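Working notes for the structure below.
What follows is calculated from the coordinates using simple rules that are stated; it is not laboratory data. In this text, all values refer to a predicted model and were calculated from it rather than measured experimentally. When we count neighbours, we look across all protein chains shown, and the Cβ atoms used for this are built from the backbone with ideal geometry, even at glycine.
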Amino acid sequence: MTTATELTATEVMRRKSRLFMIGAFAVAAIAFAVIAASSINKNLVYYWTPSDLRHAGSKAYGATIRLGGMVKKGSIHKLGGSAVEFDVKDATQVVHVKTTSVPPQMFRENIGVVVEGTMVPGGYFQSDRLMVSHNNEYRAPAKGHPVDRKELERLMKSTEGLEGK
Amino acid sequence: MLAPLGKMLILASLLVSAAGALLGFAAGRTRSREALLWARRFAYAFAALMGLATLTMEYALLTHDFRVSYVEHVGSRLVPTWVTIVSLWSSLEGSILFWGFVLGIYIAVATYLTRGQYEDYQPDAIGVWLSSAAFFSFLIAGPASPFGVVANPPLDGPGPNPLLQNHVLMAIHPPFLYLGYVGMTIPFGFACAALLRGRLGHSLLKPLRASLMVPWIFQTIAIMLGGWWAYEVLGWGGYWAWDPVENASLLPWLTATAALHSIVVVERRGILKGWTVTLIQATFLLVILGTFMTRSGVFNSVHSFTQSAIGPTILAFLAASILFVVVLLAFRIDRLETEGRIEGAASREAMFLVNNLLFVLLTFTVLIGTVFPLVVEALKGKQMSVGRPYFDSMVVPIGAALLFLVGIGPALPWGRATREQLKNALLPPLFGAGLFAVIGYILNIRAPWTLVTLAFGGYAAQVTLGQMLLTVLQRTKRGESAAAAFVDGNLRRGRRRFASYIVHGAVTVAIIAIAVSSSMRQTTELAFTKGQTLRASGYDLTFLGFEQRQEPHRAVTGARFRVARDGKVVATLEPKMNQYQMMREPVGSPAVYSTAAGDLYLSLANLDVANESVFITVYAAPLVMWIWVSVILMGLGALFSLVPARRATAVQSRESVPAAAETA
């Protein structure tokens, strides 16, 4: 008789502790999900063209953006040190960019570029990273189409060779 | 004609693997000895056919047979022979063929080593292995065929991606990664077999652990080699960017590491069986997910060659595998009965459990950050990525907690511990923790997480060293010499235990090196004209001028720098720009001066040969070399743990060894 009640007592204990474990687990899982989701939300990097950027309006200020487009002819000017300013354009829109990163060897007019940074109150795009369209499929550039839209998309997606900050 | 020959070999391997898989599962159901024998033969046949197909491809590459589509795609008469040989895995189709080759080796070796033993599990395991083999044979035969016939073969081809020709590490990193990735198929087979049998007996733990440890070692080294390659080739001064392809290699490693720990708990306590099996299956699924991410072109990188039709095929295989695993787990996991329970919160098994939870948390963190952009793009058509701060802010605390466990876990005893025991075990290592943190502070480290990491590292270092010396101390008290006690206690009998502490020690060094090198890194951008000397991070750099040379497959422009420290010249560095044929833009090659204390890293940003001026980025970071060294040590330690301990056969071998020596 006593052994039977003792057994049920331990059984109850076990169930209670299991319930407690599951509860603790669920709380921890939810906490983790919330932390992860808010952290992702804070650290999104958007891949935009100049049109996308204009379309986003005030959302573009402060958000991390990877802006892809073509360097407008005649728009490159050296600022002090390694800094450069130029215009990035697509079919309809133009965005003025100032970058502090050293432009890569290939950087020139009429080439596809991706700059990472954000819009600043001065109304221009402040970037600390500049990448030049990188074609590793060995195609000769097609005449009249200096930038391949698809290639640019690939570049925007690419993070290889980027310094994370 | 090599292309049709290769194609035939692949079709034959598809046939034998599919037949062998069916026979394996049939043998598992009916317990037919005959069916098992044939399943084994088909397993060997698959390996042989894949080996022959790979040899055929290598032969075609070396003889520049441009009638074979893959050779037309990656071959070139201009590149050095070593590049031609490694071209096998430099592009999509060849790399899948190489996958099949490695899978063949693994399946053959695993089948051979478990023949005559584990008869309960072997048939189903072979069934699972050969099912995976059949899928990859199908992939090579159809969507990713390297053996296409080229109607009008060109005289010469483009050669592989220049980034892959730029450093010899390219020859080593992929094979290691494949040996890691593909090898996870073997423990997956054992885990599925255990579920299909409804039993995970003690006897299966040995092959399960060994078959998980072998690919884990390769994977560990491969991840490090990938980081090292990025460091030596890509020129941004770092080695890890939370790039999707890097994450793809890390994810299965995390779950495999967790499983290697939980297996120990299964061995010691008979609990966590279902959990361990789940971790091993998750590892395999993450391998397939990683293959999808890196091979289908959803992420663009040096790994993802071209957009291709194999993406949907791999995705379908992933979906089928997930379904299989979930159904199997749902119906069978409760059959793996538990033999014990966790005694208390402050016990070693409880720490193993916490370790496992942290590894799973880490896996989810990385997985969510990697897959989130894919999901958004699929659902909303918007392109974005998750920035590095997400990964850093999430992973650093979990990593630090894991390092804390490296210290506290081995210090705690199995089962229930008394208050006195806990005090004696946990208090003394606080000395090591304080010591490391103070040393860090004196060396100007102020970043809070780095100091925390150092403290946890110091704690772990003291516990690990203490455990390594524990047996020696006990035995010298009994009058043995220290050397004899060390050899017998650590290298012979307690080999596995000792090896695990080598790995723990190496992990401690690795995490400290990663934390310190990343938080103390200095970046300087400098513009030089010829003969100019500028100062960066305590080094005096003098630009000596350009050096240009023409190599068969590329034109090299190097900028030579003299590096001096405290007035003494310590090195000459030559970061380069390489202009490959068939490439529009040049590819930079950084130059690194490595010492035990730290690295000086020069990367060319922009050069003007006519005006003899150059723009470089200078990175200086302490302790970087220790990352590579400690990871190699981790691999060696784990390898050492695989050498079987002699505890059980010690008495017997003492008599049989001289006899064996005489006959030999």
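Note on the stretch B:131-246: the alpha carbon radius of gyration divided by the globular reference 2.2 N^0.38 Å gives 1.44.
What value in Å³ per residue do you get for the convex hull of the alpha-carbon atoms in the stretch B:522-625? It would help to have the intermediate numbers written out before the result.
Values: hull volume 10.9 nm³, N = 104.
About 105 Å³ per residue, rounded to a whole number.
When peptides B:359-366, B:183-190, B:520-527 are ranked by their average number of other Cβ atoms within 10 Å per residue, the highest-first order is B:183-190, B:359-366, B:520-527. The stretch between B:E547 and B:L379, if pulled fully straight at 0.36 nm per residue, gains 55.3 nm over its current Cα-Cα span. Distance between the 7 Å Cα→Cβ label points at A:S17 and B:L5: 6.7 nm.
Take each residue in B:376-388, count the other chain C-beta atoms within 10 Å of its C-beta, and the mean is 5. Couplings 3J(HN,Hα) of the stretch B:522-530, computed from phi: 10, 10, 10, 9, 10, 10, 10, 10, 4 Hz, in residue order, whole Hz [Karplus 6.51 cos²θ - 1.76 cosθ + 1.60, θ = phi - 60°; x for Gly and Pro].
By per-residue mean of other Cβ atoms within 10 Å, what is the highest-first order of B:76-88, B:334-346?
Details: B:76-88: 18.2, B:334-346: 13.1.
For the peptides B:76-88, B:334-346, the packing ranking is B:76-88, B:334-346.
Within a straight-line Cα-Cα reach of under 17 Å, A:K98 can be paired with the following lysines, leaving aside sequence neighbours fewer than 8 residues apart in one chain: A:K72, A:K73, A:K78, A:K89. Counting Cβ atoms of other protein chains within 10 Å of each Cβ in A:41-48 and taking the mean gives 6. Once divided by 2.2 N^0.38 Å, the Cα radius of gyration of the protein assembly as shown becomes 1.02.
Would you please classify the overall shape of chain B from the alpha carbon gyration tensor, given that a ≥ b ≥ c denote the square roots of the eigenvalues, rounded means a/c under 1.5, and beyond that prolate means a/b larger than b/c while oblate covers the rest?
Values: a/c = 1.77, a/b = 1.09, b/c = 1.63.
Oblate is the answer for chain B, as a/c is 1.5 or above yet b/c matches or exceeds a/b.
Label sites at B:L328 and B:Y44, each approximated as a point 7 angstrom past Cα along Cα to Cβ, lie 2.6 nm apart.
By the rule of a C-alpha distance below 27 Å, with chain neighbours fewer than 8 residues away ignored, the lysines paired with B:K568 are B:K530, B:K576. Phi angles across the stretch B:122-127 convert, under the Karplus curve 6.51 cos²θ - 1.76 cosθ + 1.60 with θ = phi - 60°, into 3J(HN,Hα) values of 4, x, 5, 4, 4, x Hz, Gly and Pro given as x.
Over chain B, calculate the relative contact order: mean separation of alpha carbon pairs under 8 Å at least 6 apart, over the residue count, as a percent.
Working: 1136 pairs, mean separation 69.1, N = 664.
Rounded, it is 10 percent for chain B.
Residue ranges A:95-105, B:542-552 sort as A:95-105, B:542-552 when ordered by packing (mean number of other C-beta atoms within 10 Å per residue, highest first).
What's the magnitude of the charge dipole for the stretch B:30-118 around its Cα centre, counting Lys and Arg as +1 and Asp and Glu as -1 at the beta-carbon? Answer in Debye, nearest 20.
Result for the stretch B:30-118 is approximately 480 debye, rounded to the nearest 20.
Peptide B:613-619 has a mean of 2 when you count, residue by residue, the C-beta atoms of other protein chains within 10 Å of its C-beta. Per-residue ellipticity at 222 nm from helix content only, as computed over chain B with -39500 (n - 2.57) for each DSSP H run of at least four residues, stands at -21500 deg cm²/dmol.
Applying 0.36 nm per residue to the separation of B:W82 and B:R535 and subtracting their alpha-carbon distance, the gain on full extension is 159.2 nm. Working value for the stretch B:12-82: equivalent-ellipsoid semi-axes of 39, 10, 7 Å, each the square root of 5 times a Cα gyration tensor eigenvalue, largest first.
In this structure, B:L357 and B:R493 have a Cβ-Cβ separation that, at R0 = 30 Å, corresponds to a calculated FRET efficiency of about 0.40.
When only Cα pairs under 8 Å and 6 or more residues apart are kept, what is the percent relative contact order across the stretch B:187-283? Intermediate results must be reported in sequence, preceding the final value.
Values: 72 pairs, mean separation 32.7, N = 97.
Value for the stretch B:187-283: 34 percent.
Computed about the Cα centre, the dipole magnitude for the stretch B:1-165 is approximately 360 debye when only Lys and Arg (+1) and Asp and Glu (-1) carry charge, each at its Cβ.
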